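Have a look at the structure below before the remarks.
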Amino acid sequence: MAADMPSVNLNKLADPIRKSYCRIVREITLRQLRVVSALARTRRTQAAADALGVTGPAVTLQLKLLEDGF
């Protein structure tokens, strides 16, 4: 049955995904990762800001910058 299926080069298919993933990872800052982590833990912008020792608008700004990168 496998002989009937066309041959597919998985490396060729995965290359665009790999390049896209690497671009995204390079553009995310440590500050943005900390904000996302704090938001995931606390589930509230102000609570995340308090946990990070910053203001609510600072958390919102980092999240917006992260979203704009995508």
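The values are calculated or read from the model by the stated rules, or taken from the named source; none is laboratory data. Values in this document were obtained by computation on a predicted structure and should not be read as measured data. For neighbour counting, all protein chains shown are included, and Cβ atoms are generated from backbone atoms with ideal geometry for every residue, glycine included. Areas reflect the complete protein model, heavy atoms only, side chains present, ligands, DNA and RNA absent. Shrake-Rupley method; radii C 1.70, N 1.55, O 1.52, S 1.80 Å.
Summary table below
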| quantity | calculated |
| --- | --- |
| Residue in segment 1-18 that is modelled with pLDDT of 95 or more, out of contact with any strand residue (DSSP E or B) (no Cβ under 8 Å at 6 or more places or on another chain) and aliphatic (A, V, I, L, M) present | no |
| Among the residues listed as ALA40, ALA58, the single one being modelled with pLDDT of 85 or more, touching a helix residue (DSSP H, G or I) at 6+ places or on another chain (Cβ under 8 Å), in a helix (DSSP H, G or I) and open to solvent by less than 100 Å² (accessible area, probe 1.4 Å) | ALA58 |
| Residues of segment 37-70 classified as more than 23 Å from GLU27 (Cα to Cα) and among the hydrophobic types (A, V, I, L, M, F, W, C), total | 2 |
